[in-house]
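The structure appears below as structure tokens.
The values are calculated or read from the model by the stated rules, or taken from the named source; none is laboratory data. Here the structure is a predicted model, which means the values were calculated and not measured. Here Cβ is always computed from backbone atoms with ideal geometry, including for glycine, and neighbour counts include all displayed protein chains.
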Amino acid sequence: MVGDRSSPPSGGEEELATPIEETTGSALSLAELGLTEAQREAAKSTPELEVGRVAEDRRIHFLLYTKGGDEVAECLPELLRDARKGLGVRPVVGDFVVFRRIGKQPLVVIEGVLPRKSQFVRKRAREGLDEQVVAANIDVVLVLTAMTEEFNARRLERYLSLSAEAGAVPVLVLTKPDLCVTPDEIIAEAGTLGRDVEVVSIDPREAESVEALEPWLVPGHTLALLGSSGVGKSTLINRLLGQSKQLEGEVRKDGKGRHTTTTRHLFVSPSKAMLIDTPGMRELGLWAAESGVRETFHDVDEIARGCRFLDCSHEHEPGCAVQASVAAGALDAGRVEGFRKLQAELGELKTQLARSRKRGRGGKKNRR
Ligand SMILES: Nc1nc2c(ncn2[C@@H]2O[C@H](COP(=O)(O)OP(=O)(O)OP(=O)(O)O)[C@@H](O)[C@H]2O)c(=O)[nH]1
Ligand SMILES: [Mg+2]
Ligand SMILES: [Zn+2]
């Protein structure tokens, strides 16, 4: 069932041009959609409202999966306004929300967002000083990267840091093995980029190949597929769904893809795992990810405890255990450089946030 699609814009936001599409076709229970016990409890405070899960965010309209089937909903303008002021939370894909049906041909209105069990957050690209929640209530982050010149260890460390910060299990999914002459080397390197990080190499075009991801396709679990444009996220989604739901980019001679996917969308796989397709990310700025960075760089972090100075930058200080390890060949210099860069980025972010708070600006606008 679908709500009113022609209602006036709420909260001054512009709707995206492409139409919203319903995707499940069948109703799922809230437990099947992954609702946690804590969220079920939280929903009890508004017994007059129903619960649904955000499958797509079109700025004004949201596609919801509910126990009664798909619904197209709007958001209470106050909710969007509070979120813009940093006083509340704007629903994102993966969120569980409480909603109300109004009128005979019901208008479905989201009135609140239930507490998230996890969220993948990055610094909003290009715009001011703000966070962007990419997906909520995720269990696993599939970080896709092609085994071509696209492969970049430093970029993957960013993804791993933000995934660890999100409290989600990261899996590095290396695609395009057919275009790679030294796959084993790349697979081995990928395995060193985080603590006990799982690495899977697949060709997303091949149904047999993607079976390697089965261990993570747990009913009720949510997997977010992240990575640059053209690495094969939508191709993988289509294979895992067993049907072509998402547009796949054309192959280009340089091995890269255009931005084919433009919105995030949550799908339900035949095994009842939930998969979030996302548009390729050009930038992945850190946002408050201290513990995620420490977790990802656990090896560097442990050795750094042996540095003479507590605030050692591991660059030129005397008694630096990290530099000593690099010199001894026990730590990769590039990885240490990556660690220092992310630490510096976090430091800079902290300074900017403190400055912005002092000015009383709060730094929150257009939260999405
Ligand atoms: N040779 C080769 N091509 C692949 C492989 N995986 C995906 N492709 C191709 O890469 C192109 C881009 O794939 P998409 O699935 O559209 O990539 P995407 O990550 O969804 O890209 P965006 O939506 O732009 O973020 C398609 O033509 C796929 O067929 C692979 O393992 N080998
Ligand atoms: Mg895509
Ligand atoms: Zn040091």
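Values as computed for the structure displayed
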| read-out | value |
| --- | --- |
| All positions within segment 165-179 that are under 18 Å from THR192 (Cα atoms) and under 12 Å from the mean Cα position of the chain (by Cα) | VAL169, PRO170 |
| Qualifying residue in segment 261-273 (condition: within 14 Å of ligand 2 (Cβ to nearest atom), surrounded by 18 or more Cβ atoms within 10 Å (Cβ to Cβ), assigned by TED's automatic domain parsing to the domain that holds ALA207 and at pLDDT below 90) | yes |
| Residue identified as out of contact with any Gly (no Cβ under 7 Å at 6 or more places or on another chain) and either within 16 Å of ligand 3 (Cβ to nearest atom) or in a helix (DSSP H, G or I) (or both) among ALA330, ALA288 | ALA330 |
| Scan of segment 274-318 for residues that are within 16 Å of ligand 1 (Cβ to nearest atom), crowded, with 19+ Cβ neighbours inside 10 Å and without any contact (Cβ under 8 Å) to a residue 60 or more places away in the chain, ordered by number | LEU275, ASP277, GLY280 |
| Any strands (runs of 3 or more DSSP E) falling wholly within segment 48-161 and containing at least 2 residues that are within 17 Å of the chain's Cα centre (by Cα) and touching a residue at least 60 places away in the same chain (Cβ under 8 Å) | 50-57, 119-123, 131-136, 140-146 |
| Wholly enclosed helices (runs of 4 or more DSSP H) of segment 169-241 bearing at least 3 residues in the same structural domain as ALA135 (by TED's automatic domain parsing) and of a type outside the set (A, V, I, L, M) | 183-190, 233-241 |
| Test: residue in segment 159-171 that is aromatic (Phe, Trp, Tyr) and in contact with a helix residue (DSSP H, G or I) (Cβ under 8 Å, 6 or more places away or on another chain) | no |
| Of all residues making up segment 34-47, the number that are outside any loop (DSSP other than H, G, I, E, B) and either of a type in the set (Lys, Arg) or at pLDDT below 95 (or both) | 1 |
